[in-house]
Amino acid sequence: MSHQAETSFVALNIAVLTVSDTRSLENDTSGQLFVDRLQAAGHRLAARVLLKDDLYRIRAQVAAWIAEDEVQVVLITGGTGFTGRDSTPEAVTCLLDKQVDGFGELFRHISHADIGTSTIQSRALAGLANGTLVCCLPGSTNACRTAWDGILAEQLDACHRPCNFVPHLKQAAPCESRG
C-alpha cells in the first residue's frame, strides 16, 4: 500500500441502530446525532433501524449487517444500562471476533467529566466481526456526542495517526474528498 493510500480519507458505510422501547425515528435524537455526524464527516449512512430492546432482534439485525459486504461500521445506541430490558451487550458480544477493550474504558474516562461516577453504569463496548466495527453506546444523545467527538471521529478517519480502524474494515476504498 502506498503512502498516499494510507493517508487518503476513506468514506465508510455506517449503519445506525437505535435500541429503545419508547422512541420512534421521529424523536430519536441519539440515532439522528450519529447520522448527522457521520454524514458531516463524509461517511455514508448504509442503514438506519430502530428496534425494541429485544436481545434476539438486536442480535439478528447486527448479524445481518456484519454479513453484508457493504456495511463497514455499526453504531448502536441504547440498551447498554442495567435495567431488566437492557440487552445490547449480551446481544452483540457473542458476534464479535475480537473485542476492543479500550473502547469502553476510554468512553467511561471521557464521560467522567460530564456525569461523574455514574459513568461506571455504562456498558459501552466495541469489537470487530467479519471486518465490521461494531460499537455499542448508551442511549442518551450526550453519550453519543461524547463517543463520536471523543473517539469515533478519529478512529473512523483513515488520516488519523498513529492508528485508526479503517485498515481493519472490509472493502474500505479511498474516495476523492470529504465533501
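Tabulated data for the structure shown
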{"read-out": "Top-ranked residue of region 112-127 - restricted to ones that are in contact with a helix residue (DSSP H, G or I) (Cβ under 6 Å, 6 or more places away or on another chain) and of a type outside the set (S, T, N, Q), ranked as farthest from LEU55 (Cα to Cα)", "value": "HIS112"}
{"read-out": "The lone exception for GLY79 - which of (1) in contact with a Ser or Thr (Cβ under 8 Å, 6 or more places away or on another chain); (2) of a type in the set (Gly, Ala, Ser); (3) assigned to a helix (DSSP H, G or I) it fails", "value": "(3)"}
{"read-out": "Selection count, region 145-158, where residues are assigned to a loop (DSSP other than H, G, I, E, B) and either modelled with pLDDT under 95 or of a type in the set (A, V, I, L, M) (or both)", "value": "2"}
{"read-out": "Residues being assigned to a strand (DSSP E or B) and either exposed (fewer than 11 other Cβ atoms within 10 Å of the Cβ) or in contact (Cβ under 8 Å) with a residue 60 or more places away in the chain (or both) - total across region 91-101", "value": "1"}
{"read-out": "First in region 115-130 and without any contact (Cβ under 8 Å) to a residue 24 or more places away in the chain, second anywhere and surrounded by 12 or more Cβ atoms within 10 Å (Cβ to Cβ) and part of a helix (DSSP H, G or I), Cβ under 7 Å, 6 or more apart", "value": "THR119/ARG108; THR119/SER111; THR119/HIS112; ILE120/ARG108"}
{"read-out": "Residue within region 115-125 that is in contact with a strand residue (DSSP E or B) (Cβ under 7 Å, 6 or more places away or on another chain), β-branched (Val, Ile, Thr) and surrounded by 14 or more Cβ atoms within 10 Å (Cβ to Cβ) present", "value": "no"}
{"read-out": "Of residues in region 21-39 being touching a Ser or Thr at 6+ places or on another chain (Cβ under 9 Å) and at pLDDT below 95, the one surrounded by the fewest Cβ atoms within 10 Å (Cβ to Cβ)", "value": "LEU25"}
{"read-out": "Unique match (being among the polar types (S, T, N, Q) and modelled with pLDDT under 95) among THR93, THR83", "value": "THR83"}
{"read-out": "Given (1) modelled with pLDDT of 95 or more; (2) within 24 Å of GLN32 (Cα to Cα); (3) of a type in the set (Gly, Ala, Ser), number of the condition ALA113 does not satisfy", "value": "(1)"}
{"read-out": "Flag for VAL74 being touching a helix residue (DSSP H, G or I) at 6+ places or on another chain (Cβ under 9 Å), among the hydrophobic types (A, V, I, L, M, F, W, C), over 16 Å from LEU137 (Cβ atoms) and not in a helix (DSSP H, G or I)", "value": "no"}
{"read-out": "Qualifying residue in region 56-72 (condition: touching a Ser or Thr at 6+ places or on another chain (Cβ under 6 Å) and surrounded by fewer than 21 Cβ atoms within 10 Å (Cβ to Cβ))", "value": "no"}
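For (1) charged (D, E, K, R); (2) touching an Asp or Glu at 6+ places or on another chain (Cβ under 8 Å); (3) over 23 Å from ALA11 (Cα atoms); (4) part of a loop (DSSP other than H, G, I, E, B), each residue gets a yes or a no:
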position: LEU45; (1), (2), (3), (4): no, no, no, no
position: ASP53; (1), (2), (3), (4): yes, yes, yes, yes
position: ILE58; (1), (2), (3), (4): no, no, yes, no
position: PRO89; (1), (2), (3), (4): no, no, yes, no
position: PHE103; (1), (2), (3), (4): no, no, no, no
position: LEU106; (1), (2), (3), (4): no, no, yes, no
position: GLY116; (1), (2), (3), (4): no, no, yes, no
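The values are calculated or read from the model by the stated rules, or taken from the named source; none is laboratory data. The model shown is predicted, which means the values in this text are computed figures rather than measured ones. Heads up, the Cβs are rebuilt from the backbone with ideal geometry, glycines too, and the neighbour counts pull from every protein chain shown.
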